[in-house]
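**Student:** Handing you a structure now.
The values are calculated or read from the model by the stated rules, or taken from the named source; none is laboratory data. For clarity, every value in this text was computed on a predicted model and none was experimentally measured. All Cβ positions, glycine included, derive from the backbone under ideal geometry; neighbour counts span all protein chains shown.
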Amino acid sequence: MPKEFLSFLAEVAPLNETIQTDFLHKLKLIRVPQGKILLSEGEICDKLWFIKAGLARGCYHIDRGAGRTDEVTEWFARENDFFHAFESFVNEVPSREFIETLEASTLIYITRADLYYLYAKYPEVCNLGRIIAERHWLLHKEKLREMRLHSAGERLDIFHRQSRDLFLRVPQKYIASYLGISENYVSKLKARF
């Protein structure tokens, strides 16, 4: 299965056989159940994950005072997506978010130490990482733009159009949290679809 992952990477940027072999030795494959916490708040994220099959989300807690805490979903990752707690991974600091699986998942990961070793050894891997990071940054910017420019109903319509599979797979409360709207409102709007 990690060989399929390397084929996926080769579609982004070509890697020669030596690099692929080195990469393959650094990858780990695991299967985890639904609801598995892959990273807890306060832990340092030392893995870059890739989803072969399944679904995960990244979220954090907001203290609203008086003992009330809200959970905010920041992102979803599904098949062929990379994920990690970005700030924690890059700066090696305790994470402010946690990561959990929303479905039983088959995951491939590489540790930060192994990835940075490959970055240092092979400029091609560093270039590959840059391309993937740029693509994720553009997706993040688009989400921010949508959140600022569109009403709650429009945000849900966009999410439904662009991520129909997530719309069907993700529990309603997490969609509401992700879009910054109430779960009741999501329920009412979902009834239209």
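**Student:** Being small (Gly, Ala, Ser), under 30 Å from Arg31 (Cβ atoms), free of Cβ contacts under 8 Å to residues at least 12 places away in the same chain and in the same structural domain as Leu29 (by TED's automatic domain parsing) narrows it down to one residue among Ala133, Ala85; which is it?
**Tutor:** Values: Ala85 fails: free of Cβ contacts under 8 Å to residues at least 12 places away in the same chain.
When all the criteria are applied, what remains is Ala133.
**Student:** Collect the residues in the stretch 176-185 that are out of contact with any Lys or Arg (no Cβ under 8 Å at 6 or more places or on another chain) and either part of a loop (DSSP other than H, G, I, E, B) or free of Cβ contacts under 8 Å to residues at least 60 places away in the same chain (or both), keeping them in residue-number order.
**Tutor:** Of everything in the stretch 176-185, those that are out of contact with any Lys or Arg (no Cβ under 8 Å at 6 or more places or on another chain) and either part of a loop (DSSP other than H, G, I, E, B) or free of Cβ contacts under 8 Å to residues at least 60 places away in the same chain (or both) turn out to be Ala176, Ser182, Asn184, Tyr185.
**Student:** Give me the pairs: first residue in the stretch 26-47 and in the same structural domain as Phe86 (by TED's automatic domain parsing) and at positive phi, second residue of a type outside the set (A, V, I, L, M) and part of a strand (DSSP E or B), beta-carbon distance under 8 Å, and six or more apart or on different chains, which are they?
**Tutor:** Gly35/Glu100; Gly35/Thr101; Gly42/Pro94
**Student:** Same structure again: Quick check on my filter: what residues within the stretch 8-47 are polar (S, T, N, Q) and under 30 Å from Leu102 (Cβ atoms)?
**Tutor:** Going through the stretch 8-47, the residues polar (S, T, N, Q) turn out to be 16, 18, 20-21, 34, 40.
The answer is Gln34, Ser40.
**Student:** Right, another one. Does Leu102 fit the bill of being more than 28 Å from Arg169 (Cβ to Cβ) and of a type outside the set (Lys, Arg)?
**Tutor:** Details: more than 28 Å from Arg169 (Cβ to Cβ): no; of a type outside the set (Lys, Arg): yes.
No; evaluated as a whole, the condition is false for this residue.
**Student:** Taking the criterion of being buried (at least 16 other Cβ atoms within 10 Å of the Cβ), of a type in the set (Ser, Thr, Tyr), out of contact with any helix residue (DSSP H, G or I) (no Cβ under 8 Å at 6 or more places or on another chain) and within 24 Å of Pro123 (Cα to Cα), would at least one residue in the stretch 10-31 satisfy it?
**Tutor:** No; the residues of the stretch 10-31 include none that is buried (at least 16 other Cβ atoms within 10 Å of the Cβ), of a type in the set (Ser, Thr, Tyr), out of contact with any helix residue (DSSP H, G or I) (no Cβ under 8 Å at 6 or more places or on another chain) and within 24 Å of Pro123 (Cα to Cα).
Per-residue answers, yes or no, for (1) aliphatic (A, V, I, L, M); (2) at pLDDT below 90:
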position	(1), (2)
Ala85	yes, no
Asn127	no, no
Arg130	no, no
Val170	yes, no
Ile175	yes, no
Glu183	no, yes
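**Student:** Which ones in the stretch 108-125 are out of contact with any helix residue (DSSP H, G or I) (no Cβ under 7 Å at 6 or more places or on another chain) and within 17 Å of Ser88 (Cβ to Cβ)?
**Tutor:** Tyr109, Thr111, Ala113, Leu115, Tyr116
**Student:** When Asp114 is evaluated against the numbered criteria (1) modelled with pLDDT of 95 or more; (2) under 21 Å from Phe8 (Cβ atoms); (3) touching a strand residue (DSSP E or B) at 6+ places or on another chain (Cβ under 6 Å); (4) buried (at least 18 other Cβ atoms within 10 Å of the Cβ), which criterion, by number, is the only one it fails?
**Tutor:** Against the list (1) modelled with pLDDT of 95 or more; (2) under 21 Å from Phe8 (Cβ atoms); (3) touching a strand residue (DSSP E or B) at 6+ places or on another chain (Cβ under 6 Å); (4) buried (at least 18 other Cβ atoms within 10 Å of the Cβ), Asp114 comes up short only on (3).
**Student:** Can you tell me how many residues within the stretch 105-123 are under 15 Å from the mean Cα position of the chain (by Cα) and among the hydrophobic types (A, V, I, L, M, F, W, C)?
**Tutor:** Our first condition is that a residue be under 15 Å from the mean Cα position of the chain (by Cα); within the stretch 105-123, this holds for 105-110.
After this cut, where a residue has to be among the hydrophobic types (A, V, I, L, M, F, W, C) as well, the list is 107-108, 110.
Qualifying residue count for the region: 3.
**Student:** Would a scan of the stretch 111-130 turn up a residue that is under 20 Å from Gly58 (Cα atoms) and assigned by TED's automatic domain parsing to the domain that holds Glu43? If you could, list the steps in order and put the result at the bottom.
**Tutor:** Of all residues in the stretch 111-130, those under 20 Å from Gly58 (Cα atoms) come to 111-112.
Pick out the ones that are also assigned by TED's automatic domain parsing to the domain that holds Glu43 and you get 111-112.
Yes - at least one qualifying residue is present in the stretch 111-130.
**Student:** Also, I was wondering about something else. Going by what's in this entry, would Cys59 be described as in contact (Cβ under 8 Å) with a residue 40 or more places away in the chain, in the same structural domain as Val125 (by TED's automatic domain parsing), touching a helix residue (DSSP H, G or I) at 6+ places or on another chain (Cβ under 6 Å) and surrounded by 15 or more Cβ atoms within 10 Å (Cβ to Cβ)? Give the derivation first.
**Tutor:** Numbers: in contact (Cβ under 8 Å) with a residue 40 or more places away in the chain: yes; in the same structural domain as Val125 (by TED's automatic domain parsing): yes; touching a helix residue (DSSP H, G or I) at 6+ places or on another chain (Cβ under 6 Å): no; surrounded by 15 or more Cβ atoms within 10 Å (Cβ to Cβ): yes.
The answer is no for Cys59.
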